[in-house]
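Colleague: Have a look at this one.
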Amino acid sequence: MLKVTFYGHSCVFVTDGRYKIIIDPFLTNNPLAPVKAADIDVDYILATHGHGDHLGDAIEISRRTNATIIAPNELANWVSQRGALAHNMHIGGGYDFEFGRVKLTIAHHGSSAGETGLEYTGNPCGFVVTVGGKTIYHAGDTGLFLDMKLIGELNKIDLMFAPIGDNFTMGVDDAVKAVEFVKPGVVVPIHYNTWEIIKADPEAFKKKLDGKGVKVKILKPGESLEL
Ligand code: NI
Ligand code: MN
């Protein structure tokens, strides 16, 4: 059994009852976050890229809880230099952790961090995470790409997190195409309505996927689903 809770924007908390994992822990300054960074207690933190709305509170949480940050190599080095524990990976590589397997996918986007937001932190990624007998694909921040078909072919994706907010990532129509490529059992839209610039209608996304064999689950921040 796997419990997955949406914390707003792209932040997702996953637990199989034994291990606790958070993806893209942007909580401080996230207007939609239902929890505070100081209340997060996890074993692992997965960071798709260095942008503040994804790396978020990762370093602070790692320092406080000793959680390991799993991230692309350059970002993993960047957080290590700032006192966090890190496990360096890179795109196309997978690794068997104690909780399950993590594989990094491509994501068409940028990645930088730091005070000015201009320190280069390598390539951004998405994650295919197998835990509790289920496989989750968190696309991170990305535009649509044809290789999503491969992700769907190589993995039976039980749950996909797909950005729909447009401007910085896929919008609704491209996200619908992405879901058709990946063919997940369930898809949860993310990365929308945090700010005006990424305003999107999750109901329109749901409607466009009607009858396509995929369950669309719109989660409000703080809501969970069980797989
Ligand atoms: Ni980004
Ligand atoms: Mn973002």
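Colleague: Can you tell which of Ala76, Ala107 is out of contact with any Lys or Arg (no Cβ under 9 Å at 6 or more places or on another chain) and within 23 Å of Phe6 (Cα to Cα)? Can you show your working first?
Modeller: Values: Ala76 fails: within 23 Å of Phe6 (Cα to Cα).
Of Ala76, Ala107, the one residue that is out of contact with any Lys or Arg (no Cβ under 9 Å at 6 or more places or on another chain) and within 23 Å of Phe6 (Cα to Cα) is Ala107.
Colleague: Residues Asn29, Asn66: which one is on the phi > 0 side of the Ramachandran plot, over 16 Å from the mean Cα position of the chain (by Cα), within 16 Å of ligand 1 (Cβ to nearest atom) and polar (S, T, N, Q)?
Modeller: Details: Asn66 fails: within 16 Å of ligand 1 (Cβ to nearest atom).
Testing whether each residue is on the phi > 0 side of the Ramachandran plot, over 16 Å from the mean Cα position of the chain (by Cα), within 16 Å of ligand 1 (Cβ to nearest atom) and polar (S, T, N, Q) leaves just Asn29.
Colleague: Right, here's the next one. Which of the residues spanning the range 214-227 are free of Cβ contacts under 8 Å to residues at least 60 places away in the same chain and under 18 Å from Met1 (Cβ atoms)? Can you show your working first?
Modeller: Quick first cut of the range 214-227, residues free of Cβ contacts under 8 Å to residues at least 60 places away in the same chain only: 214-218.
Within the range 214-227, Lys215, Lys217 meet the criteria.
Colleague: I would also like to ask the following. Restricted to the range 25-41, and to residues that are of a type in the set (Val, Ile, Thr) and surrounded by fewer than 19 Cβ atoms within 10 Å (Cβ to Cβ), which residue is nearest to ligand 2 (Cβ to nearest atom)? I'd like the intermediate steps shown before the answer.
Modeller: Let us first name the residues in the range 25-41 that are of a type in the set (Val, Ile, Thr), namely 28, 35, 40.
From what is left, the residues that are surrounded by fewer than 19 Cβ atoms within 10 Å (Cβ to Cβ) are 28, 35.
Values: Thr28: 15, Val35: 19 Å.
Filtering first and then ranking leaves Thr28.
Colleague: Right, another one. Taking the condition of being within 15 Å of ligand 2 (Cβ to nearest atom), outside any strand (DSSP E or B) and surrounded by 23 or more Cβ atoms within 10 Å (Cβ to Cβ), how many residues in the range 110-155 meet it?
Modeller: The total comes to 7.
Colleague: Could you check, for the range 42-51, whether at least one of its residues is over 18 Å from Val128 (Cβ atoms), surrounded by fewer than 19 Cβ atoms within 10 Å (Cβ to Cβ) and either within 16 Å of ligand 1 (Cβ to nearest atom) or basic (Lys, Arg) (or both)?
Modeller: no
Colleague: Another question, then. Hey, can you tell me all the residues within the range 45-59 that are closer than 18 Å to Val102 by Cα and either in a loop (DSSP other than H, G, I, E, B) or of a type in the set (Ser, Thr, Tyr) (or both)? Break it down into steps so the answer makes sense when it comes.
Modeller: To start, the set of residues in the range 45-59 that are closer than 18 Å to Val102 by Cα comprises 45-49, 54-55, 58.
The answer is Ala47, Thr48, His49.
Colleague: Any chance the range 192-213 includes a residue that's within 16 Å of ligand 1 (Cβ to nearest atom), under 20 Å from Ile91 (Cβ atoms), in contact (Cβ under 8 Å) with a residue 12 or more places away in the chain and touching a helix residue (DSSP H, G or I) at 6+ places or on another chain (Cβ under 8 Å)?
Modeller: No, every residue in the range 192-213 fails to be within 16 Å of ligand 1 (Cβ to nearest atom), under 20 Å from Ile91 (Cβ atoms), in contact (Cβ under 8 Å) with a residue 12 or more places away in the chain and touching a helix residue (DSSP H, G or I) at 6+ places or on another chain (Cβ under 8 Å).
Colleague: Oh, and also: In the range 1-50, what count of residues is obtained for those that are aromatic (Phe, Trp, Tyr) and in contact with a helix residue (DSSP H, G or I) (Cβ under 7 Å, 6 or more places away or on another chain)?
Modeller: Result for the range 1-50: 1.
Colleague: Moving on. Can you name the number of the only condition in (1) crowded, with 18+ Cβ neighbours inside 10 Å; (2) touching an Asp or Glu at 6+ places or on another chain (Cβ under 9 Å) that Lys3 fails?
Modeller: Unmet condition: (1).
Colleague: Which residue out of Gly117, Gly143 is modelled with pLDDT under 95 and of a type outside the set (Ser, Thr, Tyr)?
Modeller: Numbers: Gly143 fails: modelled with pLDDT under 95.
None of the other options fit; the residue is Gly117.
The values are calculated or read from the model by the stated rules, or taken from the named source; none is laboratory data. Here the structure is a predicted model, which is why all the values come from computation and not from measurement. All Cβ positions, even for glycine, are placed from backbone atoms using ideal geometry, and neighbour counts span all protein chains on display.
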